[in-house]
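Single-structure report; data block below.
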Amino acid sequence: MIVDLNTAIAKLKAGQVVAIPTETVYGLAADARNDDALRQIYVIKERPANNPLIVHIDNISRVTDWVSEFPPLAQKLAKTFWPGPFTLVLPAKPHVSSILRANQPTVALRIPNHPLTLQLLQLSGLALAAPSANKFTQLSPTTAMHVQAGLGDEVPVLDGGACQVGIESTIVAVQGDDWQLLRPGMTSAASIATVAGKPAVSFNQAIKAPGQHTLHYSPRTRMQLIPSRDALVALANDSTAALLIGEGTLPDCVHFQLNKHAPDVAQQLYSTLHQMDALGKQLILVEVPPDAPEWAAILDRMTRAAS
Ligand code: TXA
Ligand code: MG
């Protein structure tokens with residue numbers, strides 16, 4: 001059910017979950033300090049308990065409510081990339097719910113760049129734990145309608161329009177003055193390296209982003225990544241639907257087309273896959289994007305969706 005801002009605030013304060021818009025994907029939000037509310041997120045998503053949640057805050061001054069260390073490098077990255085599609089993983093304060101962080105010693109934080117959700121955070125005074133508002137392993141939602149279709153109409157949804165970035169945030173862990181990329185996103189590794197003044201490392205004591213199962217972000221219809229346009233043309237037929245990246249047409253096969261501009265493809269990827277899924281074809285064929293750094297996060301999501 002669609003709810004307005006005041007209803008969303010009242011429900012969240014009462015310990016209920018509400019789906020909220022962000023610039024990346026819709027999140028299934030709950031008060032990050034309320035364990036009963038957090039448990040509902042896992043139940044509704046059918047998410048394994050070993051997969052921690054991201055805490056959404058509205059101001060960088062809130063970071064130290066949650067973390068025991070906020071190293072200068074993390075501060076610099078936060079100041080540069082927040083609000084935005086960028087999540088920081090830092091050592092958690094002992095009081096931070098073990099449900100929220102799935103027993104990790106760390107906690108993930110981000111300031112989302114969405115006016116309605118920033119207003120929600122400011123007016124409520126809450127910090128909101130929010131994973132993507134979809135069932136575990138399924139396609140992430142980028143509209144209120146996707147949330148309702150995926151989770152059912154009982155879940156309250158704050159409608160903030162279509163998500164502008166369209167794929168989940170970049171996740172970075174910081175230890176001292178080193179950083180590690182845990183999940184690629186539209187805040188590029190190159191831009192992070194520029195701000196950090198150094199490339200990513202792999203920490204010895206491997207920090208994991210649990211829950212990044214290979215099977216993830218998947219439509220119900222089987223999906224295959226196709227390395228070239230010619231190969232795609234050869235496979236396309238009446239029982240397939242195809243996603244083309246760039247110009248051209250495909251006779252005799254339902255097809256969708258995205259222009260060859262990575263931010264546009266990211267913005268439209270999930271909503272296009274939702275539409276293709278609804279066609280009920282046997283197979284979704286997706287043309288592999290160009291092999292270039294700005295496509296890394298998109299290729300990551302496509303590969304997971306196809307696995
Ligand atoms: O863009 C996004 O990040 C969206 C919106 C709603 O903010 N959220 C999102 O949440 O994608 P979710 O739960 O689908 O993905 C969160 C990822 C998981 O892969 C989890 O493993 C990782 O964040 N994560 C959370 N806390 C962590 C921690 N303490 N250490 C390592 N990884 C963590
Ligand atoms: Mg997710």
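Overview of results
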item	result
Of all residues making up region 257-276, the number that are crowded, with 19+ Cβ neighbours inside 10 Å, farther than 16 Å from residue 25 by Cβ and in contact with a strand residue (DSSP E or B) (Cβ under 8 Å, 6 or more places away or on another chain)	2
Test: residue in region 55-78 that is touching a helix residue (DSSP H, G or I) at 6+ places or on another chain (Cβ under 6 Å), more than 21 Å from residue 168 (Cβ to Cβ), without any contact (Cβ under 8 Å) to a residue 24 or more places away in the chain and not in a helix (DSSP H, G or I)	yes
Hits in region 2-15 - residues which are in contact with a strand residue (DSSP E or B) (Cβ under 7 Å, 6 or more places away or on another chain) and not in a helix (DSSP H, G or I)	2, 3, 15
Residue check for residue 36: in contact with a helix residue (DSSP H, G or I) (Cβ under 8 Å, 6 or more places away or on another chain), of a type outside the set (S, T, N, Q) and at pLDDT 95 or above	no
Which listed residue is within 27 Å of residue 266 (Cβ to Cβ), at pLDDT 95 or above and in a helix (DSSP H, G or I), from 88, 28, 109, 118	118
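The values are calculated or read from the model by the stated rules, or taken from the named source; none is laboratory data. Because the structure is a prediction, the values reported are computed rather than measured. Using ideal geometry, Cβ is built from the backbone for each residue, glycine included, and neighbour counts are taken over all protein chains shown.
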